[in-house]
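Participant: Please see the structure below; I have some questions.
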Protein chains: 2
Amino acid sequence: MTSKVYMEILQQLYRIIEEDGLSAGDKIPSERELSERLKAGRSSVREALRSLEFLGIIETRRGEGTYLKEFGEHQLIGLLGMFILQEKKAKEDLAETKWLIEEIGLTLACERRTEVHLRELQMLLKQPLDYETFFHWVLKAGNNYLLERIWRVLNDFYQWQHGTISLPHSFYEQMHQSLEESDLEKIRALFAEHVKHSR
Amino acid sequence: MTSKVYMEILQQLYRIIEEDGLSAGDKIPSERELSERLKAGRSSVREALRSLEFLGIIETRRGEGTYLKEFGEHQLIGLLGMFILQEKKAKEDLAETKWLIEEIGLTLACERRTEVHLRELQMLLKQPLDYETFFHWVLKAGNNYLLERIWRVLNDFYQWQHGTISLPHSFYEQMHQSLEESDLEKIRALFAEHVKHSR
DNA sequence: TAGCGTTAGGTGGTCAGACCAGCTTGATTT
DNA sequence: AAATCAAGCTGGTCTGACCACCTAACGCTA
């Protein structure tokens, strides 16, 4: 039984969150209370909380308390990348994986996009559109939340490294039309062209 | 100037790693030394280290020290998953995402597999093969480490929920042959058949 | 009574020091 | 030379003490 206390605490905390039915925005018990309830030192509780905070899962507010956070706020990406993405192969894999997932997203969106989605995209097209916003829409229309999450993480990493991608407005317009016509071939061709130029 | 000490420490630590030219496997200064060098309490240093450990960036060994870890062991996606998969829709998405990534893996493997890979698969085929082992090989042959990691996480979750998948040995044999012939159509067809039955 | 300070208590942030547990190393013993 | 043991590192944990900050209840004034 040499497992680390802060890991146990994470497990317990997860259980507490489940049992109490806590969700994004809710306040979790204070450090001192957790320390008491879980029979652990406050420092151990804090070590557990720091991990969660670093991942953007919780948010601590001095003098107020600790709150569950909405996903997507992961500012950890920058730091993570800072520590991790130093190797060349990793960078290549990142770009490729992002493209692959974007292609999947397009495929899913092609068969699942509703009229509502299309109208929303048409709205977006009325003003200058950026790559991130467009694929955000794509993954949304693809109706797979997990895939959307994964893409968002990868995209954040990628942007942190390369900056934002910008494509001519016509790209998005053609995509829109092809999506409306459910013309998967055309969509794939358009995307392949973009990827080829980006490499 | 109310920024948190442990965040400062992360910055400083990164600087130290850079200046000392430390890389994966190397030992970083002890908690007490960092505490002294950075003029911070040891508990603050520990909070910073816990975050990095949780992300899999470092590894602590009691009695020995703290070491930088290889890229790839980072549990980012896994942890995200742990907290994401509370939602119901996510569980449905999990299966789909796994299939989608497996299909990508097959596509990549089809064009990138080497003779060595094929011979390795042939070896595996000499005895009963399970789904996990096969796709582990596939993602390996696909030569995208990041994608492999993502798949592994998804697969672990999936198995945890549904148990292991078992397919007739002929499935793997046909896949092997198709991969050898780089027959992408056949590969896709085989896989689509499996997915259809699994739904 | 309505509005405004004041204050007490709770909460996170940080530190210092103590002790335990496990590993390494080198001196000591056999 | 090999086996043994002890000292001194390292991480792991707990306690108690402050500080900075926020909130809410209280009591005062207008």
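The values are calculated or read from the model by the stated rules, or taken from the named source; none is laboratory data. Source: prediction; values computed, not measured. For neighbour counting, all protein chains shown are included, and Cβ atoms are generated from backbone atoms with ideal geometry for every residue, glycine included. Ligands, DNA and RNA are excluded from the accessible area calculation, which covers all protein heavy atoms including side chains. Shrake-Rupley method; radii C 1.70, N 1.55, O 1.52, S 1.80 Å.
Participant: Apply 1/(1 + (r/R0)^6) to the Cβ-Cβ distance of B:ARG119 and A:SER166, taking R0 = 45 Å, and write down the FRET efficiency to the nearest 0.05. Present the calculation step by step, with values, prior to reporting the outcome.
Facilitator: On the way: r = 45 Å, r/R0 = 1.01.
For B:ARG119 and A:SER166, the calculated efficiency is 0.50.
Participant: Would you kindly state how much longer the chain becomes between B:VAL195 and B:GLU92 on full extension, computed as 0.36 nm times their sequence separation minus their alpha carbon distance, in nm to one decimal? Intermediate values should be presented prior to the final figure.
Facilitator: Numbers: separation 103, 0.36 × 103 = 37.08 nm, distance 1.38 nm.
Here the answer is 35.7 nm.
Participant: While we're here: Round to the nearest 10 and give me the degree value, 0 to 90, for the angle of helix B:88-112's Cα axis relative to the longest principal axis of chain B.
Facilitator: In chain B, helix B:88-112 runs at an angle near 70 degrees to the longest axis.
Participant: If you don't mind, another one. In nm, one decimal, shortest first: how far is the label point of B:ALA189 (7 Å from Cα along Cα to beta carbon) from the matching points in the other copies?
Facilitator: Sorted ascending, the copy-to-copy spacings read 2.5 nm.
Participant: Roughly speaking, to the nearest percent, how much of the range B:5-68's 1.4 Å accessible area is carbon and sulfur?
Facilitator: Here it works out to 42 percent.
Participant: Under 1.5 on a/c is rounded, so check that first for the range A:5-68, then, if it is not, pick prolate when a/b is larger than b/c and oblate when it is not; a ≥ b ≥ c are the square roots of the alpha carbon gyration tensor eigenvalues. Display every interim value, and only then the final one.
Facilitator: On the way: a/c = 1.36, a/b = 1.18, b/c = 1.15.
Note, shape of the range A:5-68 comes out rounded.
Participant: Continuing with this model, one more query. Within 10 Å of each Cβ of A:121-132, how many other protein chain Cβ atoms are there on average? Please list the in-between numbers first.
Facilitator: Values: counts 0, 0, 0, 0, 0, 0, 0, 0, 0, 0, 0, 0.
The shielding value for this peptide is 0.
Participant: For B:PRO128, go 7 angstrom from Cα along the Cα-to-Cβ vector, then report the distances to that same point in the other copies in nm, smallest first.
Facilitator: 6.2
Participant: Note down the magnitude of the dipole of the protein assembly as shown about its Cα centre, charges +1 on Lys and Arg C-beta and -1 on Asp and Glu C-beta and zero elsewhere, to the nearest 20 debye.
Facilitator: On the way: 54 positive and 66 negative charges, 231 e Å.
Using Cβ point charges on Lys, Arg, Asp and Glu, the protein assembly as shown gives about 1120 debye.
Participant: Another question, then. Just to confirm the numbers: B:SER166, label point 7 angstrom along the Cα-Cβ line, distances to the other copies in nm, shortest first?
Facilitator: For B:SER166, the other copies' label points sit at 5.8 nm, shortest first.
Participant: What number do you get for the protein assembly as shown when its Cα radius of gyration is normalised by 2.2 N^0.38 Å, N = residues? Don't skip to the answer; put the middle values down first.
Facilitator: On the way: Rg = 23.2 Å, N = 398, 2.2 N^0.38 = 21.4 Å.
The value comes to 1.08.
Participant: If r is the Cβ-Cβ distance from A:GLN177 to B:ARG112 and R0 is 35 Å, what FRET efficiency results, to the nearest 0.05? Mind showing how you got there, number by number?
Facilitator: Numbers: r = 34 Å, r/R0 = 0.96.
E(calc), rounded to 0.05, equals 0.55.
Participant: Report B:LEU100's accessible area, 1.4 Å probe, all protein chains in place, as a number in Å² to the nearest 10.
Facilitator: We get 30 Å² for B:LEU100.
Participant: Now a separate question. Which residue, B:VAL45, B:VAL138, B:VAL116, tops the fluctuation ranking in a GNM of chain B built on C-alpha contacts under 10 Å?
Facilitator: B:VAL116
Participant: Net charge near B:ALA141, counting Lys/Arg +1 and Asp/Glu -1 over other residues with Cβ under 9 Å of its Cβ? Could you put the intermediate results ahead of the total?
Facilitator: Details: positive: B:ARG112, B:ARG113, B:LYS140; negative: B:GLU120.
With Lys, Arg at +1 and Asp, Glu at -1, the net is +2.
Participant: Continuing with this model, one more query. Using Cα pairs under 8 angstrom and six or more residues apart, how large is the relative contact order of the range A:5-68, in percent? Don't jump to the answer; show the numbers that get you there.
Facilitator: Details: 61 pairs, mean separation 25.4, N = 64.
It comes to 40 percent, rounded to a whole number.
Participant: Of the candidates A:GLU33, A:GLU173, A:GLU102, which one comes out as most mobile in a Gaussian network treatment of chain A with C-alpha springs shorter than 10 Å?
Facilitator: Evaluated over chain A, the most mobile residue of the options is A:GLU33.
Participant: Under the rule of -39500 (n - 2.57) per DSSP H run of 4 or more residues, summed and divided by the residues of the protein assembly as shown, what mean residue ellipticity at 222 nm is obtained, to the nearest 500 deg cm²/dmol?
Facilitator: Computed ellipticity for the protein assembly as shown at 222 nm equals -22000 deg cm²/dmol.
Participant: Mind checking the angle between helix A:115-125 and chain A's longest principal axis? C-alpha axes, 0 to 90 degrees, to the nearest 10.
Facilitator: The helix A:115-125 is inclined about 80 degrees to chain A.
Participant: Now for a different question. Taking the Cα-to-Cβ direction at B:GLN159 and at B:GLU59 and moving 7 Å from each Cα, how far apart do the two end points lie in nm?
Facilitator: With each label point 7 Å from Cα toward Cβ, the separation is 2.0 nm.
Participant: Compare A:MET175, B:MET7, B:MET123 by solvent-accessible area with a 1.4 Å probe and give them largest first, with all protein chains kept in place.
Facilitator: Details: A:MET175 0, B:MET7 55, B:MET123 120 Å².
Largest accessible area first, the list is B:MET123, B:MET7, A:MET175.
Participant: Just how large is the dipole of the range A:78-198 about the Cα centre, in debye to the nearest 20, putting +1 at every Lys and Arg Cβ and -1 at every Asp and Glu Cβ?
Facilitator: Details: 14 positive and 19 negative charges, 53 e Å.
Around 260 debye, computed over the range A:78-198.
Participant: How large is ³J(HN,Hα) for each residue in the range B:48-53, as worked out from phi by the Karplus curve 6.51 cos²θ - 1.76 cosθ + 1.60 (θ = phi - 60°), to whole Hz, x for Gly and Pro?
Facilitator: Ordered by residue, 3J(HN,Hα) equals 5, 5, 4, 4, 5, 5 Hz.
Participant: Then there is this: Could you tell me which of the pairs A:LYS196/B:LYS186; A:LYS69/B:LYS196; A:LYS27/A:LYS126; A:LYS196/B:LYS140; A:LYS69/B:LYS98; B:LYS69/B:LYS140 are separated by over 29 angstrom between their Cα atoms in the structure shown? Mind dumping the intermediate values first?
Facilitator: Details: A:LYS196/B:LYS186 26 Å; A:LYS69/B:LYS196 37 Å; A:LYS27/A:LYS126 41 Å; A:LYS196/B:LYS140 24 Å; A:LYS69/B:LYS98 27 Å; B:LYS69/B:LYS140 21 Å.
Checking Cα-Cα distances, A:LYS69/B:LYS196; A:LYS27/A:LYS126 exceed 29 Å.
Participant: Compute log10 of I(q)/I(0) for chain A with the Debye formula, placing one identical point scatterer on every Cα and leaving out solvent, at q = 0.13 Å⁻¹, to two decimals.
Facilitator: With no solvent term, the Cα-only Debye profile gives -0.83.
Participant: Placing +1 on the Cβ of each Lys and Arg and -1 on the Cβ of each Asp and Glu in the range A:78-198, which of A:HIS169, A:HIS136, A:TYR158 has its Cα farthest towards the positive end of the resulting dipole?
Facilitator: Farthest towards the positive pole: A:TYR158.
Participant: What's the magnitude of the charge dipole for the range A:5-68 around its Cα centre, counting Lys and Arg as +1 and Asp and Glu as -1 at the beta-carbon? Answer in Debye, nearest 20.
Facilitator: Details: 10 positive and 12 negative charges, 53 e Å.
Dipole about the Cα centre, nearest 20: 260 debye.
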